[in-house]
Each structure stands twice: as structure tokens, then as C-alpha cells.
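First, the structure itself, so that you have it in front of you.
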Amino acid sequence: MNPVSIFARAAAAALVLATATATAAPPSAFTMKKLDDKVDEGIVEGVYPGGVLLAGHGEETSPVIVSGNSRTEPAAEAMRADTIFDLASVSKVMGTATMTMLLIEDGRLTLDTRVSEIFPEYAANGKEDVAVRHLLTHSSGLKPYENWKVAEEKRGGSAQDEALFAQIASLDKRYPTGENILYSCLNYLSLARLNETVAGESQQEFLSRRVWAPLGMTDTTYHLNEEQRSRLAPTFKEWPDGSVRIHDPLANYYSVDAGNCSGNAGLFSTASDMGAYCRMIANRGQSGGVRVMKAETVEMMTTVHATLPKYVSGDETGDTWNRALGWHAYSDWPWTHPAAPQGAVIGHTGYTGTFLWINRETKDWIVFLTNSVYSKDPPQTSTIRKRLTAVMLEEEYGPAPQPGG
């Protein structure tokens, strides 16, 4: 499929949303109070030590909600509005996928660009058909994860990032490309490598110039400075090696060199910066009078491109998933509402306790940041996230659907 037809399809999807009839207004004070209460419930239930929530509608942003602590040991430290968080997998959409979309907009990549066109070694074990669209939608066939120690054992004299990419390139597939969805960090490690090779610069350099600086996102980075480190919400009570690092093991291994930007995790940000990003997406590529992406590019990115069964094992598959380019497109309550147009509500979660959510129809959005892995690992944030989205959806579309209704 050529880029022109892709943009045309995205524009048609935008027209469907534009003609919908949901109530579109900023979150009310009553709704913000309910959101505040839900954030506090997570603290009381021990899900996380504290959190920061920012919600808005289009260009409008409601007052920030700050609750609890960023740490409790050795002494309590209050959460702040400008606390910096390890975004974990939210990095996939805010960082890697955003750069990919801009490269497509620039004509330097297409959704059908095969990884093996840039890296011939990637064709090993049947992966010659894996293209950009498959990496973006998690339909490549790659397994979910890899132990960094496997790459380290094979590394020899090469750099760690080179060793890890070589290991990914050598893998076989779990299922035929494009037939299933299996969420995989390896897709986005591959995609970041592709981005940086095609662009001739790091994701840090590219995104700083094209997105973060224009939108005033001063605390979004793959490489924290010392002042930013002092504001970082910890994800361990004690760092395993005594130093601050990326929580995700593969991203940490890949990014040991300060010039490397891992595609699956490793981005850091604040609620304020993420709000700027959400405003830009909700407003189809621009915010505060500054355009960073074409409207057609945003529609292309946020439109569903893969509706496929989740791969489980062998011939076994699970529920059907909808994936936009980088984004999950929600289909079930309370992530979305039955009254919302199909594919209108998108979002992404991060293992550390991070979350962003956007209703493309109403232009409402939520940024909810916690360091829940500090309290419990594996984290238990899903229930609180659902309570938050339910509050927003009930304001937008009315009462929650009744069981069996």
C-alpha cells in the first residue's frame, strides 16, 4: 500500500470521528474530584506510593492531581508535579513510534519497508517479510522478550547494542508474519535501530528537534542529567547495583552507551510534558499554535491497522486485538464505552506504572503516572487505571453499561 492511499484511509477515519455526537467538553470539577479520589484509592490499597494525574480536553488542561509519595524508604519523600518517571513501554508510542511516523511523513520510510532491506541479516529464519507495519502493530511473529544475558554471552568484542540487535536478528518467528498479534519488546528494539539508521541520528536528537523542543517538553529524555535524576521516582527501593538506571533490563543493557536509545523502554518524562504530547495528538498534530506532525500523519498513526487474534502458543489463539500504529485501540469497557465509535479510544501502558489514554472523538485525554513497581512487582495498576477511564467515559457518554447489557 502506498503512502497516499494510507493517508486517504486515515482522513476517511477522521471524518467518521468528526461526525460523531458524544459530549465534548473539558472534565468538570466534579469529574476531577472523582479522578482524585480514584488516585487516592490506589495509595490506600498499597498499589503505589503516590501518583500524578493530568487530564484535559484538546488544548485545555485541568489542574494537576498530585498524591502520596515518590518513595517511602529510607524516609518518605512527597510526590511532586514535576516528578520524573521511567515511562517503560509508554516509550514505545511516545518515542519510537512517533519517530517512525515522522520518518514516514518525510518519505524516508513506508509501512511496507522491510527490515531486511536495511539490515540483510534480519532475514534469518524466515523474517525477510517483516516490515515496519508489523513492528508497529506487534504482528511480526517475534517472541515477546529476550534475556540480555543471551546477547552478552555471544557479544565478544562488539558493543552491547550491536550484540543485542544481532541476537534479535538471529531469532525465528513464533507465527507467520501478519497473522497474529503478540506484544513484543523486540519489535520496538528493532524499530528504534531502523529509525536511527535511516535518520542518521539518535532518537534523542531527532525527537528533541522535531517534537519535544517545539512543544516545550523540557523533561522528556532518554538521558537524564543530574538535576533530573534528583526528581526521578524510584522503581526499586534499592537499585540492584547501587545506581539509577532504566528499570527494563533489555533497555538498560542496550542503552549502556549514553548515545543509545532503546526502542521498547528507556524514555523519561513528566506529567506536564506528556500532557503536551497528548494535546498534540488530540489536536491532530499541533498544540499551542505549533505543528509538529501533519494531521494526516496523526490520523494514520491512531487509526486501527491490525485486527488479529492474540497468539498464545502453537495453533492456539486468544481474543482479537486492535492495534493502531504504536497504540492499542480499546474495544472493551471500561477502557472504552459501547457508545464510542470503534477505534476511537487509544492508549498505552508502561510496566513501571505509567499510562496515557486519549479519546479521539471527544479529544479528552488522561496522563497517569506512578512508580507502582516500587510498591509491588509485578505491579497491580490495571484496576486503578480502569477506574479512571470509567470516570471519564461516564462523563462523556453517560452511565456505565450494565453486566449483560
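Is there a residue being within 16 Å of M99 (Cβ to Cβ), touching a residue at least 40 places away in the same chain (Cβ under 8 Å) and in contact with a strand residue (DSSP E or B) (Cβ under 9 Å, 6 or more places away or on another chain) anywhere in the stretch 222-245?
Applying the first criterion (within 16 Å of M99 (Cβ to Cβ)) to the stretch 222-245 yields 222-223.
Filter again for touching a residue at least 40 places away in the same chain (Cβ under 8 Å), leaving 222.
Subset that is in contact with a strand residue (DSSP E or B) (Cβ under 9 Å, 6 or more places away or on another chain): 222.
Yes, that holds for at least one residue.
Give me the residue from the stretch 257-270 that is farther than 19 Å from N187 by Cβ and in contact with an Asp or Glu (Cβ under 8 Å, 6 or more places away or on another chain) and, out of that set, surrounded by the most Cβ atoms within 10 Å (Cβ to Cβ). Spell out the reasoning first.
Kept after step one, since they are farther than 19 Å from N187 by Cβ, are these residues of the stretch 257-270: 257-259, 268-270.
Now drop any that are not in contact with an Asp or Glu (Cβ under 8 Å, 6 or more places away or on another chain), which leaves 257, 268-270.
Values: D257: 10, F268: 22, S269: 27, T270: 25.
Per the stated criteria, the residue is S269.
Give the number of residues within the stretch 312-345 that are crowded, with 16+ Cβ neighbours inside 10 Å and at positive phi.
2
Do you know which residues across the stretch 284-298 are in contact (Cβ under 8 Å) with a residue 40 or more places away in the chain and either touching a Leu at 6+ places or on another chain (Cβ under 9 Å) or loosely packed, with under 15 Cβ neighbours inside 10 Å (or both)?
Answer for the stretch 284-298, where residues must be in contact (Cβ under 8 Å) with a residue 40 or more places away in the chain and either touching a Leu at 6+ places or on another chain (Cβ under 9 Å) or loosely packed, with under 15 Cβ neighbours inside 10 Å (or both): S287, G288, V290, V292, M293, T297.
Anything in the stretch 228-282 that is within 16 Å of the chain's Cα centre (by Cα) and in a loop (DSSP other than H, G, I, E, B)? List them, or say none.
I246, H247, D248, C261, S262, G263, N264, A265, G266, L267, T270
May I ask you to list the residues in the stretch 100-131 that are closer than 18 Å to L189 by Cβ, within 23 Å of the chain's Cα centre (by Cα) and charged (D, E, K, R)?
R114 - this is the single residue of the stretch 100-131 that is closer than 18 Å to L189 by Cβ, within 23 Å of the chain's Cα centre (by Cα) and charged (D, E, K, R).
A further question follows. Which condition does G216 not pass, out of (1) out of contact with any helix residue (DSSP H, G or I) (no Cβ under 7 Å at 6 or more places or on another chain); (2) part of a loop (DSSP other than H, G, I, E, B); (3) surrounded by fewer than 19 Cβ atoms within 10 Å (Cβ to Cβ), if it passes all the others?
Against the list (1) out of contact with any helix residue (DSSP H, G or I) (no Cβ under 7 Å at 6 or more places or on another chain); (2) part of a loop (DSSP other than H, G, I, E, B); (3) surrounded by fewer than 19 Cβ atoms within 10 Å (Cβ to Cβ), G216 comes up short only on (1).
A further question follows. Suppose we filter S170, S184, S140, S158 for residues that are among the hydroxyl-bearing types (S, T, Y), closer than 24 Å to S202 by Cα and free of Cβ contacts under 8 Å to residues at least 12 places away in the same chain; which single one remains? Spell out the reasoning first.
Details: S170 fails: free of Cβ contacts under 8 Å to residues at least 12 places away in the same chain; S184 fails: free of Cβ contacts under 8 Å to residues at least 12 places away in the same chain; S140 fails: free of Cβ contacts under 8 Å to residues at least 12 places away in the same chain.
Exactly one of S170, S184, S140, S158 is among the hydroxyl-bearing types (S, T, Y), closer than 24 Å to S202 by Cα and free of Cβ contacts under 8 Å to residues at least 12 places away in the same chain, namely S158.
Being of a type in the set (A, V, I, L, M), in contact with a strand residue (DSSP E or B) (Cβ under 8 Å, 6 or more places away or on another chain) and more than 26 Å from H348 (Cα to Cα) is the filter here; which residues of the stretch 104-142 pass it?
Within the stretch 104-142, no residue meets the criteria.
Please work out which one of (1) under 24 Å from the mean Cα position of the chain (by Cα); (2) of a type in the set (A, V, I, L, M); (3) surrounded by 22 or more Cβ atoms within 10 Å (Cβ to Cβ) is the condition A169 fails and give its number.
Checking A169 against (1) under 24 Å from the mean Cα position of the chain (by Cα); (2) of a type in the set (A, V, I, L, M); (3) surrounded by 22 or more Cβ atoms within 10 Å (Cβ to Cβ), the one that fails is (3).
Among residues belonging to the stretch 41-99 that are assigned to a helix (DSSP H, G or I) and more than 16 Å from N371 (Cα to Cα), point out the one that is farthest from the chain's Cα centre (by Cα). It would help to see each step written out before you state the result.
Just the residues of the stretch 41-99 that are assigned to a helix (DSSP H, G or I), to begin with: 41-44, 90-99.
Now narrow it down to the ones that are more than 16 Å from N371 (Cα to Cα): 92-99.
On the way: K92: 4, V93: 4, M94: 5, G95: 8, T96: 9, A97: 8, T98: 10, M99: 12 Å.
Step by step, filter the stretch 41-99, then rank; the result is M99.
Within the stretch 297-348, track down each residue that is of a type in the set (D, E, K, R), more than 13 Å from Y183 (Cα to Cα) and within 20 Å of the chain's Cα centre (by Cα).
E299, D332
Return the pair list, or none, for Cβ contacts closer than 7 Å from residues in the stretch 354-383 that are without any contact (Cβ under 8 Å) to a residue 40 or more places away in the chain to residues that are among the hydroxyl-bearing types (S, T, Y), at least 6 apart or on different chains.
W357/T389
Same structure again: For the stretch 346-405, which residues satisfy the criterion of being surrounded by fewer than 16 Cβ atoms within 10 Å (Cβ to Cβ) and in contact with a strand residue (DSSP E or B) (Cβ under 9 Å, 6 or more places away or on another chain)? Quick ask: steps written out before the conclusion?
If we filter the stretch 346-405 for residues that are surrounded by fewer than 16 Cβ atoms within 10 Å (Cβ to Cβ), which is where we start, we get 376-378, 382-383, 386, 394, 398-405.
The answer is S382, and nothing else.
Inspect the stretch 246-264 for any residue being under 14 Å from L87 (Cα atoms), modelled with pLDDT of 95 or more and in contact with a His (Cβ under 9 Å, 6 or more places away or on another chain) and give the result as yes or no.
Looking for residues that are under 14 Å from L87 (Cα atoms), modelled with pLDDT of 95 or more and in contact with a His (Cβ under 9 Å, 6 or more places away or on another chain), one finds at least one in the stretch 246-264, hence yes.
Let me ask something additional. Please work out which residue is surrounded by the fewest Cβ atoms within 10 Å (Cβ to Cβ), limiting yourself to the stretch 11-45 and to residues that are modelled with pLDDT under 85 and touching a Ser or Thr at 6+ places or on another chain (Cβ under 6 Å).
A24
The values are calculated or read from the model by the stated rules, or taken from the named source; none is laboratory data. Worth saying up front: this structure is predicted, and the values here are computed from it rather than measured. Cβ atoms come from the backbone with ideal geometry, glycine included; neighbour counts cover every protein chain shown.
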